[in-house]
Amino acid sequence: GLLAKVDLNKLEDAYFHSRVLSQEQYEAMVRLLEIFAKHLSVIANQILVQQENEEPPLISRAKSFIGEHQAESISLDQIAKTLNVSTFYFCKLFKKATGLTFTDYFARTRIERAKNLLLNPNVRISEVAYDCGFLSLTHFNRIFKRVVGKSPTLYRQSLPR
């Protein structure tokens, strides 16, 4: 039935004129796609972290403060006091504007910085953790895995060389 309707000349022509990739070309193409995928992931995270167009000025100020102090340990009370609002009000407004709790947002900001630092193969993972404000390597590994989906070590190994 179905085979009878296929034009064998066209099929043969398509087969013999299809582009064939060498193993090297194929691997290069896969690497390129992996780079695009990672780049999209980074951009998606950045968009999530910095949607500032339609957010209240208070949230912009909060994000700016977080960005400037991400290597320090900022408490919820501290940021609310800095912005001159109650902790409850800040939490409610921040979650509504960003879709994330302050703690999640703060962790994501630190992890984005960590991902950039991990691009340098000469920097130890523990250095990255402490540089991003994490007080313990265990805590850093747990938060990194939760946000990125893999450990810092596996993330670094998956980066294109």
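The values are calculated or read from the model by the stated rules, or taken from the named source; none is laboratory data. Predicted model, so just to flag it, every value in this text is computed and none were measured. Every residue, glycine among them, receives a Cβ derived from its backbone with ideal geometry; neighbour counts consider all protein chains shown. Note: accessible area is taken over every heavy atom of the protein model, side chains too, but ligands, DNA and RNA are not part of it. Shrake-Rupley method; radii C 1.70, N 1.55, O 1.52, S 1.80 Å.
So, how do all the Cα-to-Cα distances of the chain break down into 10 Å bins, in percent, from 0 on up?
9, 29, 24, 15, 8, 8, 5, 1
Pop a pseudo-label 7 angstrom from the Cα along the beta-carbon direction at both residue 5 and residue 88 and give the gap in nm to one decimal.
Roughly 6.9 nm, to one decimal.
Calculated from DSSP H runs of 4 or more alone, at -39500 (n - 2.57) each and per residue, what is the 222 nm mean residue ellipticity of the chain, nearest 500?
Working: 9 runs with 110 residues, N = 161.
One gets -21500 deg cm²/dmol as the mean residue ellipticity at 222 nm.
Report the number of Lys pairs in segment 59-161 whose alpha-carbons are under 29 Å apart, with separation of 8 or more residues or on distinct chains.
Count of close lysine pairs: 20.
Report the gain in length on full extension from residue 119 to residue 61: 0.36 nm times residue separation, minus Cα-Cα distance, nm rounded to one decimal. Could the numbers behind the result be given before it?
On the way: separation 58, 0.36 × 58 = 20.88 nm, distance 2.91 nm.
Fully extending the segment from residue 119 to residue 61 adds 18.0 nm.
If the label point is 7 Å along Cα→Cβ of residue 77, which residues in segment 89-115 have backbone nitrogen under 16 Å from it?
Inside the label zone: 89-91.
Report the net charge of residues surrounding residue 125, where surrounding means a beta-carbon distance below 11 angstrom and charges are Lys +1, Arg +1, Asp -1, Glu -1. Could you put the intermediate results ahead of the total?
Working: positive: 124, 156; negative: 127, 131.
Combined, the nearby Lys, Arg, Asp and Glu give 0.
From the backbone phi of segment 36-46, what are the Karplus-calculated ³J(HN,Hα) couplings (6.51 cos²θ - 1.76 cosθ + 1.60, θ = phi - 60°) in whole Hz, Gly and Pro given as x?
Here the 3J(HN,Hα) series is 4, 4, 5, 4, 4, 4, 4, 5, 4, 5, 5 Hz.
Could you state, as a whole-number percent, how many of the C-alpha pairs of segment 38-130 are farther apart than 23 Å?
I get 27 percent for the Cα pairs in segment 38-130 exceeding 23 Å.
With the full set of protein chains in place, find how many percent of the accessible area of segment 91-161 is carbon and sulfur; take the probe as 1.4 Å.
Working: 2150 of 3980 Å².
C and S fraction of accessible area: 54 percent.
Against the globular-protein guess of 2.2 N^0.38 Å, express the Cα radius of gyration of segment 63-107 as a ratio, rounded to two decimals. Don't skip to the answer; put the middle values down first.
Details: Rg = 9.7 Å, N = 45, 2.2 N^0.38 = 9.3 Å.
Against the empirical 2.2 N^0.38 Å value, I get 1.04 for segment 63-107.
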